[in-house]
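Q: Before anything else, here's the structure in question.
What follows draws every value from the coordinates through simple rules; no lab data is involved. None of these values were measured; they are calculated from a predicted model.
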Amino acid sequence: MKRKSLKSMAMLLTLGLLIGGPLAVMFPKTSAAAGMITVNLTETQEAFKNPFKGFRPTRFMNDTKFPSHEYGTVFKHYIKYTDLENASSDSVQKIMDWSNAAWEGIESQNKKVIPRVLIVYPNEGEFWPLGFLVVTWLHVGQQIY
């Protein structure tokens, strides 16, 4: 049930971004802003230049910059969860600071980012924030004793 409500919330937020218009987002318990933050989206006649037709170049977790592509302007970026939040005391400001540093200057290169935040990434590690109950994953064929 919880998964279904998260999926519904994600769909509503996506719909709000696609429709445009004013989008108001509430950030409780933040030091960056108290109360309501309103973002007014503006319509543009420009289309995203994406000749890859849905296939996007990737910036992996330990990469320091986006790959150079002549035609690609939409990129996936894999991000460790702990880079954005590692303790319950972390605020929205930590996410904003990290984003501004990691994506500095991409506007001038006309690049768009699709963030992919990971907690578990095979062969790379697990990035659980402090205080979370860490789940041990079972693999196909693994037995419980």
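Q: Name the aspartates and glutamates eligible as straight-distance cross-link partners of residue 80: C-alpha to C-alpha under 16 Å, and not fewer than 8 places from it in the same chain.
A: Cross-link targets: 63, 90, 97, 124, 126.
Q: Once the piece of chain linking residue 91 and residue 61 is laid out straight, how much longer is it, given 0.36 nm per residue of separation minus the C-alpha distance between them?
A: Working: separation 30, 0.36 × 30 = 10.80 nm, distance 2.15 nm.
Length gained between residue 91 and residue 61: 8.7 nm.
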